[in-house]
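Step one of this worksheet: look at the structure below.
The values are calculated or read from the model by the stated rules, or taken from the named source; none is laboratory data. Everything numeric in this text was worked out from a predicted model, so none of it was measured. For neighbour counting, all protein chains shown are included, and Cβ atoms are generated from backbone atoms with ideal geometry for every residue, glycine included.
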Ligand SMILES: C[S@@+](CC[C@H](N)C(=O)[O-])C[C@H]1O[C@@H](n2cnc3c(N)ncnc32)[C@H](O)[C@@H]1O
């Protein structure tokens, strides 16, 4: 997969893209990430990417011209273009799976109070990573790159585990333990030491169901915001 990231802080990604599984995937070429400085598409000597909002109000708004020019220049043909926004559809594991099936993504990181709404003509969808406000889209891009890339074959090297992970089957994962058997009187549950694999599977399933019911009742009822609320966008691209 090839990912383009458009940002005014490309340096934000240096640690993210060189660490752990992501670092290995980039080094191997399983994942290609290209960072683009948005200011390279400005034309004034101050390399300005923001301006005051029409209608008044707090803060600054990201200008449309450098964003549109940059998107036209950096988007590979057919690339799927995503703007990060607190006003976007919710990013979920289901959306991560959808994006992981695409050959190329362009991720646009907002800053300031937001982005000129006309950006909608140059992107395919807007994604929000959770119900809170970040100072910029870079952290959201890092989250999406990590969640999507671990679904690409060859990135985590243990694809079997993906089927049992939280959200894979509408449940949170069961609890995990490792050595020692007892730590300060805290014991590993007997069933995990029994060697009875059918019993262990039953226990894990019951634990996963109980944790999901307690912590994420919205997942059990199929209601609530955190469902896979960002369907594949239907709208045709207005700009290539
Ligand atoms: C300070 S925020 C702007 C928030 C905006 N004024 C609002 O109330 O929706 C600046 C940028 O951070 C990013 N951002 C903030 N929260 C986000 C979230 N929950 N998910 C994805 N991106 C987010 C977006 O790119 C946004 O343009």
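Among the strands (runs of 3 or more DSSP E) contained in the range 50-147, which hold 1 or more residues that are touching a strand residue (DSSP E or B) at 6+ places or on another chain (Cβ under 6 Å) and free of Cβ contacts under 8 Å to residues at least 40 places away in the same chain?
In the range 50-147, there are no strands (runs of 3 or more DSSP E) which contain 1 or more residues that are touching a strand residue (DSSP E or B) at 6+ places or on another chain (Cβ under 6 Å) and free of Cβ contacts under 8 Å to residues at least 40 places away in the same chain.
What residue, of 19, 48, is at pLDDT 95 or above, out of contact with any helix residue (DSSP H, G or I) (no Cβ under 9 Å at 6 or more places or on another chain), over 30 Å from residue 222 (Cα atoms) and away from the ligand (no atom under 12 Å from the Cβ)?
19
Which one is farthest from the ligand (Cβ to nearest atom) among residues in the range 123-144 that are buried (at least 20 other Cβ atoms within 10 Å of the Cβ) and under 12 Å from residue 93 (Cα atoms)?
Across the range 123-144, the extreme among qualifying residues is 144.
Would you pick out the residues in the range 18-39 that are in contact (Cβ under 8 Å) with a residue 40 or more places away in the chain and within 17 Å of the chain's Cα centre (by Cα)?
Across the range 18-39, the qualifying residues are 21, 22, 25, 31, 33, 34.
Please count how many residues of the range 96-119 are modelled with pLDDT of 95 or more, surrounded by fewer than 23 Cβ atoms within 10 Å (Cβ to Cβ) and within 13 Å of the ligand (Cβ to nearest atom).
So the answer is 6.
Quick one: which of 186, 192 is surrounded by 16 or more Cβ atoms within 10 Å (Cβ to Cβ) and modelled with pLDDT of 95 or more?
192
Just wondering, is there one or more residues in the range 197-212 that are modelled with pLDDT of 95 or more, in a loop (DSSP other than H, G, I, E, B) and outside the structural domain of residue 88 (by TED's automatic domain parsing)?
Looking through the range 197-212, none of the residues is modelled with pLDDT of 95 or more, in a loop (DSSP other than H, G, I, E, B) and outside the structural domain of residue 88 (by TED's automatic domain parsing).
Looking at the range 145-161, which of its residues are surrounded by fewer than 21 Cβ atoms within 10 Å (Cβ to Cβ) and either under 30 Å from residue 65 (Cα atoms) or within 8 Å of the ligand (Cβ to nearest atom) (or both)?
146
Among the numbered criteria (1) within 16 Å of the ligand (Cβ to nearest atom); (2) crowded, with 16+ Cβ neighbours inside 10 Å; (3) more than 21 Å from residue 134 (Cβ to Cβ), which single criterion is violated by residue 67?
That leaves (3) as the condition not met.
Considering the range 173-188 alone, what residues qualify as being over 20 Å from residue 208 (Cβ atoms) and in a loop (DSSP other than H, G, I, E, B)?
Passing the criteria: 179, 180, 181, 184, 185.
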